[in-house]
Amino acid sequence: MFRRERSIPLRGSAAALCNNLSVLQLPARNLTHFGVVHGPSAQLLSAAPEGVPLAQRQLHAKEGAGVSPPLITQIHWCVLPFRVLLVLTSHRGIQMYESDGSVMVYWHALDAGDASLVQAVFARGIAASGHYICVGTWSGRVLVFDIPTKGPNIVLSEELARHQTPISDIATEPAQGQDCMADTVTADDSGLLCVWRSGPKFKLLTQIPGFGVPCSSVQLWQGTVAAGYGNGQVRLYEASTGSIHVQIDAHARAICALDLAPEVGKLLSAAEDTFIHIWKLSRSPEDGCIEVEHCHGECVPDTQLCGARFCDPSGSSFAVTGYDLAEILRFSSM
């Protein structure tokens, strides 16, 4: 069971974008960072465990050619083995900052040369895999950046071109050492999932076809892909083969966010039906199939949810954002 804790106030509110919440826990400093986007700006907040806001910072999308300020599409902390970078995507490009947002260390402008006049240009979908950061784009390409141990010498090392529609989300998990182990999954607006093995050259392991519904959020846990769709379903696939383990009719409306607590295998799903659900994933010792148990359901009345994240790797607390909601809602286990 979870109970509502003290909310964290926002200066504005959260835009109606899927996956519109990023969380970075700093146990050594007893702090948690939260990131939310709205329009051309992103809010960064630091809070103590009891929810007391300690610091706030606003970041803005880098200006480019155009009459209107560019809209930010996502913000996400990328935890690399040797540093943490804050990545911000917009309709103009990709900005990478030191983890507190104080210094921008890299800027990549989007090339709209192959976009039609009626096509929106944007980047969306951010994840770190090893010493690489992957960022999705409107064209379906995934940009892979090689990140140095320190400094701004970030290099675009590869472009992955297996998707034909805009990237919606990217998820990764630490590789286990085997050459065939999947550690990256990319999703797009057609529902197609591509499963990769990261490295100096990313290797495509399998493709999981869509079924006419966008995949809005995706996660990866112990070789299992968890995908949330616009019809409210959560589907669990074997990453190496693409075979489906479980289909859950989890929500009545489109899913806006998934998250995983890797230490315990808890899956968090939030949707436009105002509900957040927590599921426990486990692998059967007999046949290796994934088993799912529903642990908790929470309703946030009259709110279009747009972001949800666990606040710790054990899944004992989570946070939620909603469209036009001027606060981050916090819940912790009783």
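The values are calculated or read from the model by the stated rules, or taken from the named source; none is laboratory data. All values reported here derive from a predicted model rather than from experimental measurement. Cβ placement follows ideal geometry from the backbone for every residue including glycine, while neighbour counts extend to all protein chains displayed. In case anyone asks, the SASA skips ligands and DNA or RNA and just uses the protein heavy atoms, side chains included. Shrake-Rupley method; radii C 1.70, N 1.55, O 1.52, S 1.80 Å.
Quick look at the numbers
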read-out	value
Protein accessible area in the range 79-228, 1.4 Å probe - carbon and sulfur %	53 percent
Cα centroid of the range 153-217 to Cα centroid of the range 237-296, whole Å	19 Å
Residue-normalised accessible area of the chain, given per residue in Å² at a 1.4 Å probe	42 Å²
Packing-based ranking, highest mean first, of 122-130, 292-300, 308-316 given that Cβ atoms within 10 Å are counted	122-130, 308-316, 292-300
Other-chain or far-sequence residues with amide H under 5 Å of S216's (modelled H)	G228, Y229, G230
Descending Cα extents along the principal axes, the chain, whole Å	55, 44, 41
